[in-house]
Structure formats: structure tokens, C-alpha cells
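Enquirer: What follows is a structure written as C-alpha cells; I'll ask about it next.
Bear in mind that the values in this text are calculations on the coordinates, not laboratory data. Computed from a predicted structure; not experimentally measured. Positions of Cβ are backbone-derived with ideal geometry, glycine not excepted, and every protein chain shown enters the neighbour counts.
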Amino acid sequence: MLDLENSFIALESLPIVRYISIPINADIKNFESKINKKIGFPCWLKLSSSLHKTKIQAVKKCHNFEDLEKTHQQFKKRFKGSKFLVQKHIEGLEIIAGIKEDETFGKVLLIGSGGSLTEIIKDVEFRVLPVYKEEILSTLRELKIFKMLIEKKCNIKKLTDLINKFSDLNIKEADLNPIIVNEKQAVIVDARVKI
């Protein structure tokens, strides 16, 4: 996947998120023990693709293995020949971080409210790269969601560190959406990257 020039790569290609996901490329029953030990329930089944999974209804929350197995069968019929991911369910607030090329400013970093809220509330800020941790933190403070991050006692340091590492990557374009942040951690749940 990584050698496809100018194409987007999907979630499982990113080492930073591998620990919360299990790629499913065969009968899901073969993965039951691994899913129970590593992922647990509830969990998410999603299409392994750089497409917007919510828009094409290619992601679903599953509450037990029977539910997961049934959803997997449905997805296999709809997305023939595709691979899927079983992903750990993580509670927290959703943030988006992105990198894109701007005609005027060059590479810019986007930070904002993530998940399904991204396009609805338009709570985003842009910064010209490179940026430092202090600038990332000040950008977070400008967001509407920052008040909720504080109220929920989310780990701002982990979130800032993650976005800082992301902003240093040598990539053409990327979206981390969402990053889920809670008291303990900031975790990339879905991503697409153009290298």
C-alpha cells in the first residue's frame, strides 16, 4: 500500500494506530480469540479504506461477537473483495488534525473539532508549518471545543504531543479524523495520508 505514489493510504498503514486495530482478511471466526483478548466489546467494524466511512455507511459499532459476525457478513456482501478492521472502542472527545498544501502559504496544519462535527460546526484553525508545541497549544485554546476538553479533563499534553509529531511528518497531505482524547490518552482512530 505504501508504494502507491500520489494515492491515499488507509488506517492500518500507520504504525501509530496499529495497536487498537486488527485487520480482518478471512473468516472472522478465525480472529475471535484475538479480538476478545486485544480489542474487547463494544468495538467497531469498518471498511479498510481511505474513503469517508460514515458517508458510505462502512462503519458500525458492535456489542458482542455475534453482532460483529453478522455485520461482517453484511459488509462483505456490500464491499466485495474488501478488507476490514475491527477496532477498539475508545470514549472521549473527537479532534481533527490535518496537513495540506496551500497555494499561498505552502504546507499548513489544520486543527479542529473532529468526527461528524467537522463539517457541521466548522470549528477549525489553520497554522503555517512548521509549528512548535506552544503554537499547537495556543491553537487548541482558540477552538470552541477547548472548553469541553478542559471540562472533561482531557489529556491536553498527550494531544499536543501527538499533533506535534504528526506536524513533523514528511507527507503531502493527511487527515487524522478523529483523534479521540480523554483523561489518559489521545488516539488516532481513523486517518488517510498521501505520501
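Enquirer: Restricting attention to strands (runs of 3 or more DSSP E) lying wholly within region 127-195, give those where 3 or more residues are touching a residue at least 24 places away in the same chain (Cβ under 8 Å) and not hydrophobic (A, V, I, L, M, F, W, C).
Expert: Per the criteria, 173-181.
Enquirer: Applying the selection to region 149-179, what residues are under 17 Å from Thr139 (Cβ atoms) and loosely packed, with under 13 Cβ neighbours inside 10 Å?
Expert: Ile150, Lys157, Lys165, Asp168
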